[in-house]
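Just below is one structure, and these are the notes that go with it.
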There are 4 protein chains.
Amino acid sequence: MGRNNWGRWGDDDERGALNLLTPDVVKAAASSITQGRVYSLGIPIQAHGVPLMDYRGTPMRLTLQDSTDDGIYEMYGCHTGTGAHEDVLVMAAHTTSHMDALVHVYGDYRHYNDVDYKTMRALGGAQKLGIEKVGGLVARGVLLDMVAYFDEGDWVPLGRNITANDLQSAAKKQGVEVRAGDAVLVRTGYLQFWWDNQAKGGPQPFEQAGIGIDAANWLAQCDVAAVASDNAAVEVIPFDNNDFLTVHKILLVNAGIYMMEFLNLVEPARDGAYEGLLTVAPLKVTGATGSPINPTFIS
Amino acid sequence: MGRNNWGRWGDDDERGALNLLTPDVVKAAASSITQGRVYSLGIPIQAHGVPLMDYRGTPMRLTLQDSTDDGIYEMYGCHTGTGAHEDVLVMAAHTTSHMDALVHVYGDYRHYNDVDYKTMRALGGAQKLGIEKVGGLVARGVLLDMVAYFDEGDWVPLGRNITANDLQSAAKKQGVEVRAGDAVLVRTGYLQFWWDNQAKGGPQPFEQAGIGIDAANWLAQCDVAAVASDNAAVEVIPFDNNDFLTVHKILLVNAGIYMMEFLNLVEPARDGAYEGLLTVAPLKVTGATGSPINPTFIS
Amino acid sequence: MGRNNWGRWGDDDERGALNLLTPDVVKAAASSITQGRVYSLGIPIQAHGVPLMDYRGTPMRLTLQDSTDDGIYEMYGCHTGTGAHEDVLVMAAHTTSHMDALVHVYGDYRHYNDVDYKTMRALGGAQKLGIEKVGGLVARGVLLDMVAYFDEGDWVPLGRNITANDLQSAAKKQGVEVRAGDAVLVRTGYLQFWWDNQAKGGPQPFEQAGIGIDAANWLAQCDVAAVASDNAAVEVIPFDNNDFLTVHKILLVNAGIYMMEFLNLVEPARDGAYEGLLTVAPLKVTGATGSPINPTFIS
Amino acid sequence: MGRNNWGRWGDDDERGALNLLTPDVVKAAASSITQGRVYSLGIPIQAHGVPLMDYRGTPMRLTLQDSTDDGIYEMYGCHTGTGAHEDVLVMAAHTTSHMDALVHVYGDYRHYNDVDYKTMRALGGAQKLGIEKVGGLVARGVLLDMVAYFDEGDWVPLGRNITANDLQSAAKKQGVEVRAGDAVLVRTGYLQFWWDNQAKGGPQPFEQAGIGIDAANWLAQCDVAAVASDNAAVEVIPFDNNDFLTVHKILLVNAGIYMMEFLNLVEPARDGAYEGLLTVAPLKVTGATGSPINPTFIS
């Protein structure tokens, strides 16, 4: 079984497993920095060349001000040739690399900590559990490179259900252990598949490798703070047990464990950087269901 | 004089002072974590209650999917009562807490490293120096609390030009020193002023305290990687020497030093957390002139 | 009493009073063109100088392509000096001059023709009664200039409840009559008030003159196709009988009569152009609750 | 040769061929209404099933307020069960059925009436010739059904250059004539092709039938007010004489004749409705380069 954290940090808690990240845990996590190498785990935010879900629309960077506006600051004592470029961003919160807020997924009409699914409103946004409650997540990051573990090519075969035993064996092989309060980064190679497949012009399949119910239960028992992956949903698709979003319900809904998707884990995997300090800072959009992110992993 | 870093890291360099952040510098920065306290420096992203520049529009969180869409996932084996909330974000890159890309400001029609100001295009975006070149900034953060230093109230009087001597004296009083590769966080109390003033219903003045030419030159000589503040532009307004964006030209354009605005520095100041690890991860929007951010400061 | 048109044009009807606009009615309406003068009734769509409701955000015109993109079409045989400018529009459907779809307002959880209020979905949009069902509205337009009728200044005093008798007396004074299938344009002078008040820097009050329950009932009995005004809601505010959106419920919900707000009626009123052909063509946004419009009135 | 209208209506004129539409011309146009049938020529605005240009992004209708916001108007005396649905629109001005502003295309760095191409600014928008100058276009509409004329299937073969002689012969066959001040609607069948091709899953080719230089010159000589088509650019692609936007330069730039694209002309063609009153009312977006439209054609 997994773990139910409803009420564990109070009936009004809106931060879930982030409560595990006490100053002592953060200090211990910081001690995992040994090389001083910085990895930026976000994938580009652009209209092409990255996996996009059709219903979420295409991210747009629109220019707000450019050189055609030269001269508009003269009234402020602006020298000729001095100016500024600016733009506007239009994008879905769950497009490209992103973090799910606790208000993102519900099961039995309930979010984490027994919050009703109608707490999310169209105009008003999330009345509870919005992404702005995260602040900054700072945890020990543990990378489990399942591509290297299975050693069957550049990615774990699409649709493979990664189990608790798989994760444990990979950790053992890598010489790392998963501890309470960790952020676990599960590399499936999905992005590598996606880019290769796109280059070949193939249709992008819905299937992906990812963790299933067994692994999710184990991670919840481990009392981790967050689980991330390089795929679209952390979890295996088709969904384990044919239960839509089942892993989200185990981790996000029941345990209040944060989930992040579409992280680029190629470089730390290549360097064997299996441990480090992970910092994730979702935009503080009041009432939002998630945020695009660009996590920083420091080995 | 300040410092000109054009060509220092190669004629094609697009990362500027981030080049200072070598693994050794990062490791040293990590050693500044002593308390394990995590501060999220972003201010909320919302339509009210935060300083917004009119021409940048109002940030909008728009609901993409909510409980009214119940049932649309049935075809994927979705249980009754299971679903997901999502939203879309529309906002200017330089709204609320943000980082400027090196392509943001130009002087004499040139950006950092002699890049022509027409390198920014409306449709194509920044062909060079875009925010996606940052990846993740990880540096030792040094907070200089100028409000405490001047000790004249809850904020430095609007329009005060903070000098190099002011910064040095504040650092000395706090017992910290500014080193090469640091990210310097200059607290002016502006946000506190803004919130107080808004509560009183007053019009928001254009003036603000901030660093001037003298301080900018000194920070450039110190070879810092980034300078941030809790005000709208880091620099004093009215602009020093009545030269529009003069500090941006010294830091961003000439020295390739990154700038961040509207950071909430109240909590680390209150705790006397003057040193720590600062991580900043702007969204990797290809070709963008900046990004909203939510920096993490770990003391 | 008003009129209930549910079922009148079939249980599945989604066009309401537009069904009145048969070819014969349209031909008769066309005969009301006597002067050949064309009036554009839309107010500008811009961020300032027009009444905006805060929760609907600020309309934004963002440049998609400008002269900085010169040269991108060379591959298509583009001559030097040839190019195109384009932009992107971000705005609420009910901002500035707009038409309400039948799916806009509900009463007792029901829209026109007994459609459940949950027929509107966040992701999916309106499953019925969306604005795309309108196509083009072509009707005889009758302008009732209540400012001239009351003759108490440049606008009808804010909060005045305009009655059926007021409308009838104004029509009589103007020498026009209201017929079945007409689009009735009720001028209250609100926009004139708003612009004058803004010029004085005054706060914009919530109150406005408009029709009340009595006038709405009469218009429904007249079997008109649409009712429009130069104010924010057609109806008087504070709402008649203190019943929120009560006139919308009489006209839009019960009778399927279309409503349009924020039309600029100054010029036809000045010319005494009380009859003409009105054409309104809301954007065919699939599933939308309304559309910005720029109605054309031809006297 | 075509026609150059620069200066014809004054050096400061920003309305071009709309100046032809005097009250007498409008009255004459109104007399072309004989059947009272109303055709809505706009195609749907939605993310799928309509031709979209990739760089213009996907139009988005986003819900602003829905049934999850129930209760927010209680403070205004709102009865239980009463409420309103609203949405926000994000779309490019030239997406789906649209009208080009005179500021849209330039040749030799000049727009209509010798306006410099830098009159368009990213932040400021069009300083001249913006779409808000149109107001409402009311003209006699003449439909030339080139599909019926060529009689080679459901659409004119892709890439066919429609000539002046083709247009004249079609007009003669239909028994209509093109007059000064007319809006000429050229049906190529392109939309029919596009929909058929999409149903088959084929890639959408860049080629399209449309008018070439010869036909454009003739239409300019005819002194028409507007030219519209059911294709993407009115003009044939590949561009006539391999000159990018050559027809736009003849009509829009030199003659100030308005252009409209992606109009659905199937229904009037089917009915043999070759003459009528056309009304087009682009949104009055200040400084915009064009507007989505939904023209109304009344036969």
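Find the all-direction average of the projected area of the Cα convex hull for the protein assembly as shown, expressing the result in square nanometres with one decimal place.
For the protein assembly as shown, averaging the hull's shadow over all directions gives 44.0 nm².
Mind checking the dipole of the protein assembly as shown: about its Cα centre, +1 per Lys or Arg Cβ, -1 per Asp or Glu Cβ, Debye to the nearest 20?
Once rounded to the nearest 20, the dipole reads 0 debye.
Considering only DSSP beta bridges where both residues belong to segment C:60-198, give the percentage that are antiparallel (nearest 5).
In segment C:60-198, DSSP labels about 65 percent of beta bridges as antiparallel.
Taking the dipole about the Cα centre of chain D, with the C-beta of Lys and Arg at +1 and of Asp and Glu at -1, give me whichever of D:P59, D:L252, D:G125 is farthest to the positive side.
D:L252
Quick check: at a probe of 1.4 Å, how many percent of the accessible area of segment C:1-85 sits on carbon and sulfur atoms?
50 percent
Percent of Cα-Cα pairs more than 17 Å apart in segment C:9-88, please.
That fraction is 75 percent.
What does the charge add up to near C:Q208, with Lys and Arg as +1, Asp and Glu as -1, over the other residues with Cβ less than 13 Å from its Cβ?
It works out to a net charge of -3.
Counting only other chains, and only Cβ atoms inside 10 Å, what mean value do you get across the residues of C:94-100?
3
Please list the three semi-axes, largest first and in whole Å, of the ellipsoid equivalent to segment D:145-193, using sqrt of 5 times the eigenvalues of its alpha carbon gyration tensor.
19, 11, 10
With a 1.4 Å probe and all protein chains left in place, how much accessible area per residue does segment B:150-250 have, in Å²?
Counting only protein heavy atoms, the per-residue value for segment B:150-250 is 37 Å².
Can you give me the relative contact order of chain A as a percent, contacts being Cα pairs under 8 Å and 6 or more apart?
Value for chain A: 31 percent.
To the nearest 100 Å², how much accessible surface do chains A and B hide from each other in total, with a 1.4 Å probe?
Adding both sides of the contact gives about 7100 Å².
Under the definition of partner shielding as Cβ atoms of other protein chains within 10 Å of a residue Cβ, what is the mean value for peptide A:74-82?
6
Starting from the eigenvalues of the Cα gyration tensor, five times each then square-rooted, give me the equivalent ellipsoid semi-axes of segment B:203-299, largest first, whole Å.
Semi-axes (√(5λ), whole Å): 21, 17, 16.
Along Cα→Cβ at 7 Å, what distances in nm separate the A:E207 label point from those on the other copies, shortest first?
Going from nearest to farthest copy, the values are 3.9, 6.9, 7.0 nm.
Rank-order C:30-41, D:136-147 by packing density, defined as the average count of other C-beta atoms within 10 Å over each peptide's residues, highest first.
Order by mean packing, descending: D:136-147, C:30-41.
Over segment A:51-160, what lengths in whole Å, largest first, do the semi-axes of the equivalent ellipsoid take, defined as the square roots of 5 times the eigenvalues of the alpha-carbon gyration tensor?
The answer is 40, 26, 16 Å, longest axis first.
Could you size up the charge dipole of segment B:68-212 around its Cα centre, putting +1 on the beta carbon of Lys and Arg and -1 on that of Asp and Glu, and report it in debye to the nearest 20?
It works out to roughly 660 debye.
How much of C:F193 can a 1.4 Å solvent probe reach, expressed as accessible area in Å² and rounded to 10?
Near enough 20 Å² of accessible area.
Which value, in debye to the nearest 20, gives the size of the charge dipole of chain C about its Cα centre, when Lys and Arg are +1 and Asp and Glu are -1 at the Cβ?
The dipole of chain C has a size of about 480 debye.
What FRET efficiency do you get for B:A180 and A:T34 if R0 is 30 Å and r is their Cβ-Cβ distance, rounded to the nearest 0.05?
So, using R0 = 30 Å, E works out to roughly 0.85.
Taking a cut-off of 21 Å between Cα atoms, list the lysines near C:K249, but don't count ones fewer than 8 places away on the same chain.
C:K118, C:K128, C:K133
Relative contact order of segment C:138-205: what whole-number percent is it, with Cα pairs under 8 angstrom and at least 6 residues apart?
Computed over segment C:138-205, the figure is 46 percent.
Under a point spin-label approximation (7 Å from Cα along Cα-to-Cβ), what is the B:D271-A:D11 distance to one decimal in nm?
3.0 nm
Amide H to amide H under 5 Å from A:G276: which residues, 5+ apart in sequence or cross-chain, H placed 1.01 Å off N in plane?
A:G141
Report the dimensions of segment B:126-247 along its three principal axes from the alpha-carbon atoms, largest first, rounded to Å.
Reported extents, whole Å, longest axis first: 41, 40, 28.
Under the rule of -39500 (n - 2.57) per DSSP H run of 4 or more residues, summed and divided by the residues of chain D, what mean residue ellipticity at 222 nm is obtained, to the nearest 500 deg cm²/dmol?
Result for chain D: -4500 deg cm²/dmol, rounded to the nearest 500.
With every atom except the alpha carbons ignored, what do you get for Rg and Dmax of chain C, in angstroms?
20.2, 68
Tell me the angle of helix C:190-199 to the major Cα principal axis of chain C, expressed in degrees between 0 and 90 and rounded to the nearest ten.
Approximately 50 degrees, to the nearest ten.
Shortest first, in nm, what separates the label point of C:D151 from those of the same position in the other copies (7 Å along Cα→Cβ)?
6.7, 7.5, 9.9
The values are calculated or read from the model by the stated rules, or taken from the named source; none is laboratory data. Because the structure is a prediction, the values reported are computed rather than measured. Neighbour counts are summed over all protein chains in view; Cβ atoms, including those assigned to glycine, are modelled from backbone coordinates with ideal geometry. These area figures cover heavy atoms from the full protein model, side chains too; ligands, DNA and RNA do not enter into them. Shrake-Rupley method; radii C 1.70, N 1.55, O 1.52, S 1.80 Å.
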